[in-house]
Amino acid sequence: MGPDKALLYIVATPIGNLADMVPRAAEVLQSADLVAAEDTRHSQRLFSHFNIETPLVAYHDHSDDQRTERLLAELEAGKTVALISDAGTPLISDPGYRLVRLARERGFRVVPIPGPCAFVAALSAAGLPSDRFTFEGFLPAKPLAREKALQNLASEVRTMVFYEAPHRVADTLDAMAAAFGPEREAVIAREISKAFETIHLLPLAQLADWVRADSNQQRGEIVLLVRGAEPQKSSELDAEARRVMELLLAELPPKRAAAIAAEITGVNKKALYNWSLERK
Ligand code: SAM
């Protein structure tokens, strides 16, 4: 495919405050032949504010293949297409994956226009470790499935970031306190860049109480962040890992024993090796 092949731009838009619109985003939306949007009526307000007159067409991940194909046909015809979502960065808990995937597979250039994203903004101001984190998006809505998802994250050592609906936030914080322990630090980041922006850090059980006590905290758009679990110390190896290591160490040098025990138990090789040194 030649370099002059049409472009698909993936354009981030504000998550609340229109002043956060990136100049390049406005330029790209203005000059594109077509803008694909999650909700064209919603995006019309953004367009009016910035005097953008480019035609808008609806696109969401439930869009049938036909609609995706129609956008790809526009690219094929040499048109420049831009994708936006209702707010923030497309594809981040928002539609666009299928379109991007197919566009790339067919040799079109896909160009991101970076800008607002709720979880990045929340993480940047939360005061929780941000060197390593995991973005979990929305938890399942049903309590049992949510509990299970949280259980699976109980030993996650990275900061965890979630999107949550306001009417579920109090129950979700209770479920998090049950799964991660009441003392685990967490942050609610609400209405970022808007009039009632709130960023509040407390241990999970207290945060749940704080949110329940004030119905205002159960309104608007919400990111939840939870500090990761303390990494397991090698001296706290579980019984099975210790048993395997004891058996192997009777026959093998520590390094070899740790390597094989890691294969058997799935426990980190270094943790096993350190344990063998500490136990002497
Ligand atoms: N693509 C968007 C992004 O880049 O962040 C996210 C879209 S997702 C459908 C919407 C969720 O993002 C909301 O339910 C909320 O969890 C979070 N969110 C969006 N705007 C927010 C804001 N201003 N403050 C806090 N959370 C926000």
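Below is a table of values for the structure above.
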| read-out | value |
| --- | --- |
| Sole residue being within 16 Å of the ligand (Cβ to nearest atom) and of a type in the set (A, V, I, L, M, F, W, C), chosen from ALA126, ALA103 | ALA126 |
| All positions within the stretch 166-176 that are over 14 Å from LEU225 (Cα atoms) and within 14 Å of the ligand (Cβ to nearest atom) | PRO166, HIS167, ARG168 |
| Qualifying positions in the stretch 177-200 - in contact with a strand residue (DSSP E or B) (Cβ under 7 Å, 6 or more places away or on another chain) and away from the ligand (no atom under 15 Å from the Cβ) | PHE180, PRO182, GLU183, ARG184, GLU185 |
| Strands (runs of 3 or more DSSP E) within the stretch 51-158 that include 3 or more residues among the β-branched types (Val, Ile, Thr) | 109-113 |
| Any chance ASP131 is within 11 Å of the ligand (Cβ to nearest atom) and among the acidic types (Asp, Glu) | no |
| Residues being part of a loop (DSSP other than H, G, I, E, B) and surrounded by fewer than 20 Cβ atoms within 10 Å (Cβ to Cβ) - total across the stretch 266-280 | 4 |
| Residue satisfying condition, being away from the ligand (no atom under 15 Å from the Cβ) and on the phi < 0 side of the Ramachandran plot, within set THR89, THR159 | THR159 |
| Some residue of the stretch 23-34 being outside any helix (DSSP H, G or I) and either within 12 Å of the ligand (Cβ to nearest atom) or exposed (fewer than 13 other Cβ atoms within 10 Å of the Cβ) (or both) | no |
| Leading residue by the ranking (nearest to LEU153 (Cα to Cα)) among those in the stretch 184-222 that are of a type in the set (Val, Ile, Thr) and within 21 Å of the chain's Cα centre (by Cα) | VAL187 |
| Looking only at the stretch 122-148, and only at residues there that are touching a helix residue (DSSP H, G or I) at 6+ places or on another chain (Cβ under 9 Å) and among the aliphatic types (A, V, I, L, M), the one that is surrounded by the fewest Cβ atoms within 10 Å (Cβ to Cβ) | ALA141 |
| Scan of the stretch 203-235 for residues that are within 16 Å of the ligand (Cβ to nearest atom) and either of a type outside the set (Asp, Glu) or touching a Leu at 6+ places or on another chain (Cβ under 9 Å) (or both), ordered by number | LEU207, VAL211, ASN216, GLN217, GLN218, ARG219, GLY220, ILE222, VAL223, LEU224, LEU225, VAL226 |
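Throughout, read-outs are computed from the coordinates displayed, never taken from laboratory work. Remember, it's a predicted structure, so these values are computed and weren't measured experimentally. All Cβ positions, glycine included, derive from the backbone under ideal geometry; neighbour counts span all protein chains shown.
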